[in-house]
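Comments concern the structure below.
Computed from the coordinates by the stated procedures, all read-outs in this text should not be read as laboratory data. Predicted model, so just to flag it, every value in this text is computed and none were measured. Note that each Cβ is placed from the backbone with ideal geometry, even for glycine, and that neighbours are counted across all protein chains shown.
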Amino acid sequence: MLTNRFAAASESLRDFADGEFIVREGDGGHEMFIVQSGNVIVRRGGAEVARLGKGEFFGEMSVLESSARDADVIAHGRTRVLALGSGALFVRLRRDPSFALELLQALSSRVRALNERLAK
């Protein structure tokens, strides 16, 4: 039911110390995160696959697909993130088409970069 799903909309700012895990590979997840300050390191199978900074996001696959986390994400230096629960994400997407467009552009860019790496 839509009302129940959106009633659970939640957003919160969270602070992490250097080296602190924000998410762990294999854990369930119902939130995505947008880096507000600091940086994060994304590791998959122990190997670093990305570094993200202010304005970049992670965790969207777990929210959109209701799946387990496929990477560790660790704070690099003092880091603040905005956590968006699934309800909050869907509310933002409905209310702010520019947010939706930015999300789609970033996802498209990630797919393009992965395709280029696979083609090598």
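Given R0 = 30 Å, the distance between the Cβ atoms of residue 50 and residue 95 translates into a calculated FRET efficiency of 0.60.
If you work out Rg and Dmax of the Cα atoms in Å from the coordinates, which of [x] 13.8, 46; [y] 14.5, 47; [z] 14.5, 43 do you get? Here the calculated entry is [y].
A simple spin-label model places pseudo-atoms 7 Å from Cα toward Cβ; at residue 110 and residue 12 they are separated by 2.3 nm.
If you rank 58, 33 by fewest surrounding Cβ atoms within 10 Å, what's the result? Please report the intermediate quantities before stating the final value.
Values: 58 20, 33 23.
Listing 58, 33 from fewest to most nearby Cβ atoms yields 58, 33.
Could you sort 82-90, 107-115 so that the peptide with the highest average Cβ count within 10 Å comes first and the rest follow in order? Intermediate results must be reported in sequence, preceding the final value.
Working: 82-90: 19.2, 107-115: 10.7.
Those peptides, ordered most packed to least, come out 82-90, 107-115.
Restricting the trypsin sites (Lys or Arg not before Pro) of the stretch 1-96 to loop positions (DSSP other than H, G, I, E, B) with no more than 16 neighbouring Cβ atoms within 10 Å leaves 24, 54. Whole-Hz Karplus values for the stretch 53-70 come out as x, 3, x, 8, 10, 8, x, 5, 5, 4, 6, 5, 10, 6, 10, 5, 5, 9 Hz, taken residue by residue from phi with 6.51 cos²θ - 1.76 cosθ + 1.60 and θ = phi - 60°; glycine and proline positions read x.
Work out how much length residue 24 to residue 119 would gain on full extension: take 0.36 nm times their residue separation and subtract the Cα-Cα distance, in nm to one decimal. My answer for the length gained is 31.3 nm. Between 71, 17, 106, the residue with the greatest mean-square fluctuation in the GNM of the chain (Cα pairs under 10 Å linked by springs) is 106.
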